[in-house]
Amino acid sequence: MNFIDLNKPISELTVKDLMNILLHINVLPDSSTEYLHGYNGLANFLGCSLSSAKRLRASGKIDEATIKTGRIILFDKSKLIELLK
C-alpha cells in the first residue's frame, strides 16, 4: 500500500488513495475473480427462474460463494461451480 499521510482529511483523499485503502483492508473483492451480480445474474448463470435462485440461496447451499454488503449481493462464479458439483 502506498503511504498516505494519516493527518490528511478524508475530504482531500483522491479516488486512488481511497481504492488503495479499501483494497488493503479487503473491503473490495479481488478484480481477478468473476462475480455474478444479484439474483438475476445467478438465475441467468444457472438457467433457472428468479424464485429458484432465491430459494437456492435461502437453503444455505451456496453461502460460501455469497458476498452480501448492505443491499448488494454478489456470487463468486468459481466457488459456486464447486459447491454445486
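The values are calculated or read from the model by the stated rules, or taken from the named source; none is laboratory data. Note that the structure is predicted; figures quoted are calculated from it, not measured. Note that each Cβ is placed from the backbone with ideal geometry, even for glycine, and that neighbours are counted across all protein chains shown.
Annotations for the structure displayed:
- Failed criterion for Glu82 (all others in (1) of a type in the set (Asp, Glu); (2) in contact (Cβ under 8 Å) with a residue 40 or more places away in the chain; (3) loosely packed, with under 13 Cβ neighbours inside 10 Å hold): (2)
Listed here are the residues, each with its yes/no results for (1) surrounded by 12 or more Cβ atoms within 10 Å (Cβ to Cβ); (2) modelled with pLDDT under 95; (3) of a type in the set (Gly, Ala, Ser).
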{"residue": "Asn2", "(1), (2), (3)": "no, yes, no"}
{"residue": "Leu18", "(1), (2), (3)": "yes, yes, no"}
{"residue": "Ser31", "(1), (2), (3)": "no, yes, yes"}
{"residue": "Tyr39", "(1), (2), (3)": "yes, no, no"}
{"residue": "Lys54", "(1), (2), (3)": "yes, no, no"}
